[in-house]
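**Student:** Quick one: structure below, then a few questions.
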């Protein structure tokens, strides 16, 4: 079991969720805990997993991304009975099938607000995240809001795996090439880098994971490109020591 | 009577419309303290295929978060314009990128044709900020969100070193929208 750790910012993660929708999100996390099986059929990925782990510190309208094991798991989840107080609207009439990603966009409401919950299928990515999640076990979190305590236990993507997926993703590559200053993927990758760059275990684990994926060259190239573009992307204040560059080059 | 405003931003993948929709919803919900929902849909390909983002802004509780009767439609491609124009209310607003949308269907709605991508590219130096330029025009024409709230929402999404470029695009759109709008 992975315990939630104190925030570097000194603020609880949920203070970065607007107050109006905070109770709804926390209720959804508790509901997902209830709907989860011992052997996970879905993993919480994306920005919210980074927010909950205290890596992101800004306020936007967050979405909740659930990566499913396979299409059957997704359909079973849709058909599973939910708590009576929960309303779910499907934005898409059916699964939206793309080349690399299949998704179903929904909105969940326990109160007077709506929270986007996206159901996602990405080829091979479930197994990638699952290999770490299986070892670490679920993440246990707690929060207090409106005089109520919320406890949730969820299988959640490890931020180092999120980092690897982002650096290797075609979208990240395109946004880096275009020097897209509003790229969410670039912003998140930079935040994880800032958070972990002095952690030797981070680099060691990354090297092993990337080598096993047989993507070492692409990873090294994209990451070095990101770091050399930081000033142009608006992240000039992020300090990149030469020993970090050396470490990546030696990967 | 309570205020409910339905917006659809449509075009192709890679044009930043999903992000633009999120900025509008964040401006309304976080900074203008209204109720807002935002949804998105991509076509078969993340880049190049159809893409749309919908936002509902309301003073009251939003019972149903899907947009059905549009008050505002932005169409950056002909395909998007043809596909979604039918959902626009008679008293709605249609904003099209005149470089890519040549034929505008017969509608009672108010229609505004602006070479959005061309202005972003030629005046601001980057076609990539066409979405923020369009947001500026939307803000001025619709009055559904305040310019201050949209600026705050943009600032929360961009790194410190790029604030000027992104805000300039939004403000240029705001200026264009105010010139176009009878209320401007």
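Taken together, the values in this text are just the output of simple stated rules run on the coordinates, not laboratory data. Note that the coordinates shown come from a computational prediction; the quantities given were computed from them, not determined experimentally. Please note: Cβ atoms are built from the backbone with ideal geometry, for glycine as well, and neighbour counts cover all protein chains shown.
**Student:** Let me know the shape class of chain B, please: from the alpha-carbon gyration tensor, a ≥ b ≥ c as square roots of the eigenvalues, rounded when a/c is under 1.5, otherwise prolate if a/b is greater than b/c, or oblate.
**Tutor:** In terms of gyration-tensor shape, rounded.
**Student:** I would also like to ask the following. How do A:251, A:156, A:125, A:182 rank when sorted from fewest to most other Cβ atoms within 10 Å of their own Cβ?
**Tutor:** With the sparsest Cβ surroundings first, the list reads A:251, A:125, A:182, A:156.
**Student:** Just subtract the alpha-carbon distance of residue A:87 and residue A:249 from 0.36 nm times their residue separation and send over the number in nm, one decimal.
**Tutor:** Answer, rounded to one decimal: 53.3 nm.
**Student:** For chain A, what does the helix formula give at 222 nm: sum of -39500 (n - 2.57) over DSSP H segments with n ≥ 4, over the residue count, nearest 500 deg cm²/dmol?
**Tutor:** Calculated from helices alone, the mean residue ellipticity at 222 nm is -13500 deg cm²/dmol.
**Student:** Using only the Cα atoms of chain A, construct the convex hull and provide its projected area averaged over every direction, in square nanometres to one decimal.
**Tutor:** 13.8
**Student:** Let me ask something additional. For the Cα atoms of chain A, what angle does the longest principal axis make with the long axis of helix A:216-229, in degrees from 0 to 90, nearest 10?
**Tutor:** Helix A:216-229 sits roughly 80 degrees off the main axis of chain A.
**Student:** I would also like to ask the following. Taking the beta-carbon count within 10 Å as an exposure proxy, list B:34, B:121, A:124, A:148 from fewest neighbours to most.
**Tutor:** A:124, A:148, B:121, B:34
**Student:** Where does chain B land at 222 nm, in deg cm²/dmol rounded to the nearest 500, when only DSSP H runs of n ≥ 4 count, each adding -39500 (n - 2.57), divided by all residues?
**Tutor:** Estimated from H runs of four or more residues: -10500 deg cm²/dmol.
**Student:** Rg (Å, one decimal) plus Dmax (Å, integer) for the alpha carbons of the protein assembly as shown?
**Tutor:** In order Rg, Dmax, the Cα atoms of the protein assembly as shown give 21.6, 65 Å.
**Student:** Still on this structure: How do B:37, B:162 line up, fewest other C-beta atoms within 10 Å first?
**Tutor:** Lowest to highest Cβ neighbour count: B:162, B:37.
**Student:** Segment B:77-129 to segment A:8-46: how many Å between their Cα centroids?
**Tutor:** Segment B:77-129 and segment A:8-46 have Cα centres spaced 38 Å from each other.
**Student:** Follow-up. Quick check: from the Cα gyration tensor, does segment A:159-249 come out rounded (a/c under 1.5), prolate or oblate?
**Tutor:** oblate
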